[in-house]
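Shown next, in structure tokens, is the structure this report addresses.
The values are calculated or read from the model by the stated rules, or taken from the named source; none is laboratory data. No experiment lies behind these values; they were computed from the predicted model shown. Backbone-built Cβ (ideal geometry, glycine too); neighbour counts: all protein chains shown.
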Amino acid sequence: MKKKIKKNLIIDAANEKIIFKIIDNNKTYTNDYENSRKNFDRFAILLFKFLDKNMISFDIVDKVLINLGPGKFSSIRTSITTLKAINLVYSFKIYGFSSKDVEKHDYSRVLELLKKGKLIKKLIKPLYMS
């Protein structure tokens, strides 16, 4: 039986777009949505549609990396809350990163920080913009 390779999911809802991204070996799966009230009200639906479209299940997600801001209050809270609820069922690791760690939706620095063990494991103090 072939062992499924665990994947990392990146979620960035702190800015003008809600971005879901999976980087798997040489493949990248990305979807983005306008960061609007309508879309963060449907956040979980959009996330599951993204995973289904790319034939990925939370069963094979090992780590989820969430942007903790600074950024939009409602979007950051929604992404954290949704992932914590899903985590009750699937038990993946959740890490937070800063908007300052990302330039132009290039998450390679975030992945480097993850490998070095420098990302926040506790999502207690997100940074909101007023």
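Please go through the range 4-27 and pick out each residue that is over 17 Å from N54 (Cα atoms), of a type outside the set (A, V, I, L, M) and within 12 Å of the chain's Cα centre (by Cα). Scanning the range 4-27 gives a single hit, D12. Residue count for the range 48-64 under the criterion of being closer than 23 Å to S98 by Cβ and in contact with a helix residue (DSSP H, G or I) (Cβ under 6 Å, 6 or more places away or on another chain): the result is 1. Among the residues making up the range 103-117, a single one is surrounded by 12 or more Cβ atoms within 10 Å (Cβ to Cβ), part of a loop (DSSP other than H, G, I, E, B) and at pLDDT 85 or above: Y107. Of the residues screened, F20 is not one that is at pLDDT below 90 and in contact with a strand residue (DSSP E or B) (Cβ under 8 Å, 6 or more places away or on another chain).
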